[in-house]
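Quick notes on the structure that follows.
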Amino acid sequence: MDTTQSVVEKSAIRKVAIRLVPFVALMFFINYLDRTAISFAGPNGMNTDLALSAAQFGFASGVFFIGYILLEIPSNLALHKFGARRWLARIMVSWGIVSLLFTWVGSVEHLYILRFILGVAEAGFFPGAILFLSLWVPSRHRSKILALFYLAQPLTTVIGAPLAGLLIQQHGLFGLSGWRVMFLGVALPAIIIGIIAWFYLADSPAKAKWLTADEKIWLTGALEKEKSETAAGNRHVSVRTVFGNGRVWMLSAIYFGFIYGLYALGFFLPTIIAGFEGLYGTKFDVLQKGLITAIPYLPAAFALYFWSKDATKRGVRTWHIALPALIGGVSIPLALFAGSPAATIAVITITAMSIFAALPNFWTVPTQFLTGAAAAAGIALINTVGNLAGFSAGYITGWLKDWTGGYTVPMFVVGGFMLLSSVLMVVLSRSGKVSEGVPAEALDPAGAGHHAEP
């Protein structure tokens with residue numbers, strides 16, 4: 001392939017990485033902050049004001065995912081039909097308005113209702129964002145692009161936890177309790193960025209004014225060629241048959257374990273940190289608790305980036321997904337026997353690094369065998385099962401904590417699910433249903449018209 005083609009490819013991918021990915025990542029940042037804001041509000045006044053038990057807090061955290069699940073697949077199919085620009089913007093403004101209402105929640109029943117409606121409003125955003133980015137870059141570049149996008153999730157806690165702490169400290173602002181001020185502060189950006197997204201996003205490379213004609217031609221051609229090749233090898237995979245596809249369900253089970261660990265950690269880490277005072281006699285103010293909550297997620301962001309960089313170089317391999325699941329599954333129960341706040345956070349950091357290292361590489365697998373509307377349905381189905389883990393992690397962790405009086409049993413359950421994900425990924429790979437990656441160096445230097453199997 002000639003040098004000009006190679007230059008056009010590099011330029012096109014660089015522009016997508018710079019112009020598109022950061023904005024979609026910002027949307028994801030706000031999305032994740034809004035859905036996990038309850039984890040900061042709970043131990044900082046909300047649980048006391050609303051008289052919540054651990055099980056009630058866990059149910060309120062998890063009921064979000066029931067609403068999300070009910071509309072996720074229809075929402076993602078609507079995105080495929082109407083276009084990402086309109087649909088992602090609509091989703092974002094909707095959830096921003098619902099998030100704003102948390103400022104005035106008055107009872108546990110109202111909290112349950114609002115969390116459920118928030119899930120309905122957010123339905124389809126994450127799989128829609130994954131699908132949207134997959135429509136912009138050929139698969140050989142997808143691991144890198146998804147890694148850049150996924151950086152928003154750990155960085156949400158790195159930045160969001162201290163930000164939540166600062167907002168909570170504004171107790172009395174507008175006559176509101178600190179945790180209510182926090183809900184107000186995280187809701188408004190969703191509405192603002194959602195409106196901007198309507199004008200900023202483009203549905204496809206062909207409609208992007210910031211790409212040159214040559215870049216549009218290369219991206220469109222490479223994506224169409226890849227789509228045709230994938231479709232030709234998988235003519236039997238349609239929206240209807242996705243629901244009977246064994247690979248999709250196996251991937252759903254693997255993703256369940258990752259998300260169970262992610263949200264058990266996300267929802268209850270601030271509460272575990274608040275419990276350090278009783279366990280170790282330490283005292284932290286609200287901002288300090290936010291900063292401690294953020295500690296595991298900064299190394300997790302680095303792990304995500306460099307692990308995905310290696311996956312991009314080698315091609316995504318089974319161990320890029322199974323090994324982090326194994327390490328995370330072993331480490332999370334050990335955190336409870338660490339003996340000090342510093343050691344506990346250090347072990348939890350290993351768990352967070354493991355989860356975030358695996359996730360962007362995991363999402364390169366479904367598009368090996370799904371395209372078009374089937375990809376929309378398949379990705380949504382996998383994420384739907386993952387969101388069942390989001391509900392289960394919140395409720396089961398809280399219920400087991402109330403039942404046993406501590407977090408030992410709940411964290412062993414988390415570890416068990418992550419170990420199961422590791423085992424299932426190996427089984428899926430050895431069954432021959434998932435391709436092992438081809439190193440990028442083994443490809444034609446220009447890479448046009450060819451891609452590593454994800």
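The values are calculated or read from the model by the stated rules, or taken from the named source; none is laboratory data. What you see is a predicted model; the values in this text were computed from it and never measured. Note: ideal-geometry Cβ built from the backbone for every residue, glycine included; neighbour counts use all protein chains shown. For accessibility, only protein heavy atoms count, side chains too; no ligands or nucleic acids. Shrake-Rupley method; radii C 1.70, N 1.55, O 1.52, S 1.80 Å.
Here the condition is being among the β-branched types (Val, Ile, Thr), under 12 Å from residue 418 (Cα atoms) and either free of Cβ contacts under 8 Å to residues at least 40 places away in the same chain or part of a helix (DSSP H, G or I) (or both); of 327, 292, it holds for 327 alone.
Any residue in region 300-312 that is within 16 Å of the chain's Cα centre (by Cα), buried (at least 24 other Cβ atoms within 10 Å of the Cβ) and not in a helix (DSSP H, G or I)? Scanning region 300-312 turns up no residue that is within 16 Å of the chain's Cα centre (by Cα), buried (at least 24 other Cβ atoms within 10 Å of the Cβ) and not in a helix (DSSP H, G or I). Residue count for region 78-118, restricted to those that are touching a Ser or Thr at 6+ places or on another chain (Cβ under 8 Å) and open to solvent by 50 Å² or more (accessible area, probe 1.4 Å): 1.
Name the single residue that is modelled with the lowest pLDDT among those in region 85-129 being over 18 Å from the mean Cα position of the chain (by Cα) and outside any helix (DSSP H, G or I). For region 85-129, the residue satisfying everything is 106.
Restricting attention to region 345-363 and to residues that are free of Cβ contacts under 8 Å to residues at least 40 places away in the same chain and in contact with a Leu (Cβ under 9 Å, 6 or more places away or on another chain), the residue that is least open to solvent (accessible area, probe 1.4 Å) turns out to be 347. Hey, among the residues in region 408-435 that are over 24 Å from the mean Cα position of the chain (by Cα) and not in a helix (DSSP H, G or I), which one's modelled with the highest pLDDT? Ranking the qualifying residues of region 408-435, first place goes to 431.
On inspection, residue 57 passes the criterion of being out of contact with any strand residue (DSSP E or B) (no Cβ under 9 Å at 6 or more places or on another chain), among the hydrophobic types (A, V, I, L, M, F, W, C) and modelled with pLDDT of 85 or more. Residues that are of a type in the set (Ser, Thr, Tyr) and open to solvent by 20 Å² or more (accessible area, probe 1.4 Å) were ranked within region 32-55; the one that is farthest from residue 161 (Cα to Cα) is 53. Open to solvent by 10 Å² or more (accessible area, probe 1.4 Å), modelled with pLDDT under 85, more than 28 Å from residue 25 (Cα to Cα) and assigned to a helix (DSSP H, G or I), is that true of residue 336? Yes; evaluated as a whole, the condition is true for this residue. Report yes if some residue within region 67-77 is aromatic (Phe, Trp, Tyr), surrounded by 23 or more Cβ atoms within 10 Å (Cβ to Cβ) and touching a residue at least 60 places away in the same chain (Cβ under 8 Å); otherwise report no. Within region 67-77, one or more residues are aromatic (Phe, Trp, Tyr), surrounded by 23 or more Cβ atoms within 10 Å (Cβ to Cβ) and touching a residue at least 60 places away in the same chain (Cβ under 8 Å). Here residue 49 clears all of (1) touching a Phe, Trp or Tyr at 6+ places or on another chain (Cβ under 9 Å); (2) closer than 23 Å to residue 156 by Cα except the condition numbered (2). Take residue 321 and tell me if it is in contact (Cβ under 8 Å) with a residue 24 or more places away in the chain, out of contact with any Gly (no Cβ under 7 Å at 6 or more places or on another chain), open to solvent by 50 Å² or more (accessible area, probe 1.4 Å) and closer than 30 Å to residue 245 by Cα. Here the answer is no, as residue 321 does not meet what is asked.
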